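Take a look at the structure set out below.
The values are calculated or read from the model by the stated rules, or taken from the named source; none is laboratory data. All values derive from a computational prediction rather than experimental measurement. Because the Cβ atoms are built from the backbone with ideal geometry, glycine has one as well, and the counts that use them run over all protein chains shown.
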């Protein structure tokens with residue numbers, strides 16, 4: 001009986017390998033054992049052949065091994081933090097993300113919210129183009145939003161966050177005493193928006209000036225900010241209306257104060273009317289209407305211009321001249337004389353025998369007349385307000 005030769009495993013060997021590979025059969029570990037191994041030196045397909053021999057005929061088989069490097073995870077980059085104004089669109093940029101081994105698949109992106117300001121109603125669905133490299137969203141509240149970018153290469157993923165700070169444009173509105181500015185305080189306005197302010201003086205006041213960012217725009221009743229891109233200030237100042245009382249004083253007296261007198265809205269002004277010595281006040285007229293021969297008059301609650309006029313006249317006195325049966329006086333009867341004036345009277349007496357007259361002149365106020373002369377002259381009466389010259 002013939003005995004068969006022992007079963008043997010002669011070797012493993014390369015049939016083919018990537019062109020860049022420098023491996024040889026000597027790089028096969030345990031190449032004469034059933035379980036051999038090798039370390040690929042480049043990516044690609046390696047074909048190895050196993051040859052066995054039982055002593056009569058060899059047997060061969062091949063195996064194909066595809067080698068590739070281990071996947072390198074991508075690097076997600078959500079870009080630099082952003083600051084925008086309320087009303088602007090936040091545009092994100094993940095274009096700096098990369099995958100050093102470019103696979104196994106092209107990078108894909110997905111953005112999501114990590115945090116948002118209190119009161120914000122935004123969701124991941126509010127991100128336009130959330131699966132693109134550069135999505136956007138419109139903030140609904142000022143504050144800080146944090147978004148996360150996920151970059152995926154088909155096998156591994158990476159994450160990065162970006163902060164979007166949303167600044168609210170504000171207009172600080174203030175008004176001085178005497179009126180209002182509406183709206184007032186800190187007024188929030190979206191980027192690119194407009195805001196109108198109304199300036200209203202109180203009763204009896206007017207708009208003195210309006211300043212925008214410290215620069216005068218005049219005493220306007222309203223002001224509109226347009227296409228806002230930054231903070232601003234607006235300030236309104238007011239002043240009380242003033243009215244003029246024009247005084248007129250004639251001869252023979254004074255009105256005080258005199259001339260054009262300025263009085264604030266709602267204020268009062270008292271005038272004193274004083275006739276000169278020997279004169280009196282005939283009338284006082286306010287806005288052309290008589291208020292009588294008053295010594296003091298007050299115009300109250302000023303809301304318009306006024307006039308006040310004082311009319312004076314010199315005092316006049318009466319000398320009543322009367323002649324008896326023995327003569328005449330001229331002028332006779334009631335004679336009117338101004339204060340401080342003089343009056344000459346001519347008196348004629350009659351001789352009793354011949355009935356002839358002689359003339360005598362009396363110049364008043366050269367008084368008193370002697371009792372003896374008075375007996376010979378006609379009777380003369382005069383006002384006690386006249387004072388004889390010394």
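Residues checked against (1) out of contact with any strand residue (DSSP E or B) (no Cβ under 9 Å at 6 or more places or on another chain); (2) within 15 Å of residue 88 (Cα to Cα):
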{"position": "121", "(1), (2)": "yes, no"}
{"position": "129", "(1), (2)": "no, no"}
{"position": "149", "(1), (2)": "no, no"}
{"position": "161", "(1), (2)": "no, no"}
{"position": "165", "(1), (2)": "no, yes"}
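May I ask you to list the residues in the range 325-353 that are more than 30 Å from residue 313 (Cβ to Cβ) and surrounded by 13 or more Cβ atoms within 10 Å (Cβ to Cβ)?
Residues satisfying the conditions are 326, 327, 328, 347, 348, 349, 350.
Test of understanding: among 229, 233, 247, 224, which residue is in the same structural domain as residue 302 (by TED's automatic domain parsing) and either in a strand (DSSP E or B) or surrounded by fewer than 13 Cβ atoms within 10 Å (Cβ to Cβ) (or both)?
None of the others qualify; the one that does is 247.
Among the candidates 13, 119, single out the residue that is without any contact (Cβ under 8 Å) to a residue 60 or more places away in the chain and under 30 Å from residue 167 (Cβ atoms).
Result of the check over 13, 119: 119.
Report whether or not residue 73 is touching a strand residue (DSSP E or B) at 6+ places or on another chain (Cβ under 7 Å), modelled with pLDDT of 90 or more, more than 30 Å from residue 160 (Cα to Cα) and in a loop (DSSP other than H, G, I, E, B).
Judged against the criteria, residue 73 is not a match.
Identify all residues within the range 90-116 that are part of a loop (DSSP other than H, G, I, E, B) and either touching a helix residue (DSSP H, G or I) at 6+ places or on another chain (Cβ under 6 Å) or more than 18 Å from residue 161 (Cα to Cα) (or both); write none if there are none.
100, 101, 102, 103, 104, 105, 106
Scan 143, 178 and give me the residue that is in the same structural domain as residue 211 (by TED's automatic domain parsing), surrounded by 15 or more Cβ atoms within 10 Å (Cβ to Cβ) and either more than 16 Å from the chain's Cα centre (by Cα) or more than 29 Å from residue 229 (Cβ to Cβ) (or both).
178
Over 26 Å from residue 86 (Cα atoms), in a strand (DSSP E or B) and in contact (Cβ under 8 Å) with a residue 12 or more places away in the chain: is that true of residue 196 in this structure?
No.
Select, from 204, 214, the only residue that is over 20 Å from residue 188 (Cα atoms) and in the same structural domain as residue 185 (by TED's automatic domain parsing).
204
For the list (1) more than 12 Å from residue 134 (Cβ to Cβ); (2) surrounded by fewer than 14 Cβ atoms within 10 Å (Cβ to Cβ), I need the number of the one condition that residue 95 fails.
(1)
Given the options 191, 145, 206, name the one that is within 30 Å of residue 301 (Cα to Cα) and out of contact with any helix residue (DSSP H, G or I) (no Cβ under 9 Å at 6 or more places or on another chain).
Result of the check over 191, 145, 206: 206.
If you go through the range 287-306 one residue at a time, do you hit one that is outside any loop (DSSP other than H, G, I, E, B), over 56 Å from the mean Cα position of the chain (by Cα) and surrounded by 14 or more Cβ atoms within 10 Å (Cβ to Cβ)?
Looking for residues that are outside any loop (DSSP other than H, G, I, E, B), over 56 Å from the mean Cα position of the chain (by Cα) and surrounded by 14 or more Cβ atoms within 10 Å (Cβ to Cβ), one finds none in the range 287-306, hence no.
Restricting attention to the range 117-136, which residues are over 26 Å from residue 170 (Cα atoms) and assigned to a strand (DSSP E or B)?
Hit for the range 117-136 is 128, nothing else.
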